[in-house]
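Below is one structure, written out as structure tokens, with a few remarks after it.
No lab work stands behind these numbers, since they all come straight from the coordinates. Everything numeric here is computed off the predicted structure, so don't read it as measured data. Counting neighbours? That spans all protein chains shown, and the Cβs are built from the backbone with ideal geometry, glycine included.
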Amino acid sequence: MKKKVSVIIPTFNRSTCLRNCLDALYREINRNEVAVVVVDDGSDPEEQCRNRTICLDFKAEYLVIANAGSSQARNSGLQISNSEWIAFLDDDVSVNSGWYSALCTAVNSNRPGILGVEGRVVPSGEGVWDREVSNDTGRLYLTCNIIYRKYTLDKIGGFDRSGNFPPCEDHELAARVLELGHIVFCPQLCVTHMPRVVNLITFINRAPHRIRRHLNAEFYFYSLRPLDYNRFRHASSFWGTYRSILFKHVMSSLRRRDIRRLLRNPLQTWALITGLFIEQICAWLLLPGYLRRKIPRPAKAFKKKSNY
């Protein structure tokens with residue numbers, strides 16, 4: 001039977017998070033109205049066994065794909081969903097009380113031109129990285145808590161399939177949806193983001209890969225939508241973002257964090273500063289390569305604005 005809403009949750013090697021996510025979700029939703037699809041993005045075999053058992057316990061649909069990133073995982077879930085609305089959650093969030101009633105109000109409003117509803121994301125935990133994912137006022141379009149009309153996602157082809165920019169996938173999708181209609185913010189559609197687990201040595205070692213991936217994503221996003229770029233970033237162009245990374249990356253990243261949290265976690269703070277410093281140096285080393293790249297002709301900017 002066709003459901004009103006399908007909830008798609010990509011997961012990768014986080015079975016404990018997945019169980020907590022589904023436990024909170026199934027305490028909120030009406031099972032007769034909501035289909036839940038968990039897409040395993042190529043987890044390790046042991047984790048796949050745990051994930052399969054968890055989904056059986058909750059009677060959620062479980063789909064395994066080859067590791068291709070969260071965008072492709074969401075697209076895979078989208079392909080097997082036939083509901084009118086698609087809700088995207090991440091496996092490391094927990095829906096708050098009232099989430100489902102807010103969802104029902106949003107999808108039953110039938111307001112013309114509303115193609116998406118983004119929800120509030122509240123961070124939790126006292127670690128240095130724990131407060132990075134947050135959405136209190138909207139216009140961030142985070143796919144860890146957002147709803148889109150299915151026909152709109154089908155019309156625009158879902159998430160970008162190039163695999164070029166996981167850090168920008170939320171905004172790139174939102175930019176294409178906003179060409180067709182509005183995305184509204186609903187603070188009652190609220191989730192809590194679970195504390196992040198960060199291996200400090202891995203964080204430092206992967207700093208060069210992380211900054212290269214980030215810059216590639218920003219460059220690709222700007223090359224696709226140069227006229228819309230400043231609607232999603234503080235800078236007006238990719239080069240403004242790059243300049244900020246070259247000269248202010250360490251300081252701006254520290255400034256976003258509470259000084260008391262930094263002082264309470266000296267080891268985490270040391271790893272953070274070390275990793276950020278390596279990223280900033282790598283950005284300088286990568287600069288000549290980016291200067292040689294050419295930006296394609298500007299794509300048409302979307303004209304519609306979000307309705308808040």
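How much length, in nm to one decimal, is gained on full extension between Lys4 and Glu179, taken as 0.36 nm per residue of separation minus their Cα-Cα distance? Residue separation times 0.36 nm, minus the Cα-Cα distance, leaves 60.6 nm.
Structure remark: mean-square fluctuation, Gaussian network model of the chain, C-alpha springs under 10 Å; the largest value among Leu215, Leu285, Leu78 belongs to Leu285.
For the options Gly158, Gly127, Gly138, a Gaussian network treatment of the chain with springs between C-alpha atoms closer than 10 Å singles out Gly127 as fluctuating the most. With the cut-off at under 20 Å, measuring from each backbone N in region 147-161 to a point 7 Å along the Cα-to-Cβ line of Asn30 picks out 147-150.
Projected onto their three principal axes, the Cα atoms of region 200-291 cover extents of 42, 25, 19 Å, largest first.
In a fully extended conformation the segment linking Arg293 and Ile201 would gain 29.9 nm over its present Cα-Cα distance, using 0.36 nm per residue.
Using Cα pairs closer than 8 Å and at least 6 residues apart in sequence, work out the relative contact order for region 218-285, in percent.
Computed value for region 218-285: 28 percent relative contact order.
A Gaussian network model of the chain, with springs between Cα atoms under 10 Å, assigns the largest mean-square fluctuation among Val93, Val197, Val184 to Val197. Divided by 2.2 N^0.38 Å, where N counts the residues, the Cα radius of gyration of region 31-73 comes to 1.19. The trypsin sites (Lys or Arg not before Pro) of region 154-238 meeting both criteria, a DSSP state outside H, G, I, E and B (loop) and at most 15 other C-beta atoms within 10 angstrom of the site's C-beta, are Arg161, Arg206. The relative contact order of region 5-193 comes to 27 percent, based on Cα pairs under 8 Å that sit 6 or more residues apart.
Mean sequence separation of contacting Cα pairs (under 8 Å, at least six apart), scaled by the length of region 21-95, corresponds to a relative contact order of 42 percent. Spacing of the modelled spin labels on Asn82 and Leu267, each 7 Å from Cα toward Cβ, amounts to 5.3 nm. Pairs of alpha carbons in the chain separated by more than 26 Å make up 49% of all such pairs. Kirkwood-type hydrodynamic radius, region 14-132: 15.7 Å, calculated from all non-identical alpha-carbon pairs. The alpha-carbon atoms of region 1-57 define a convex hull whose volume equals 78 cubic angstrom per residue.
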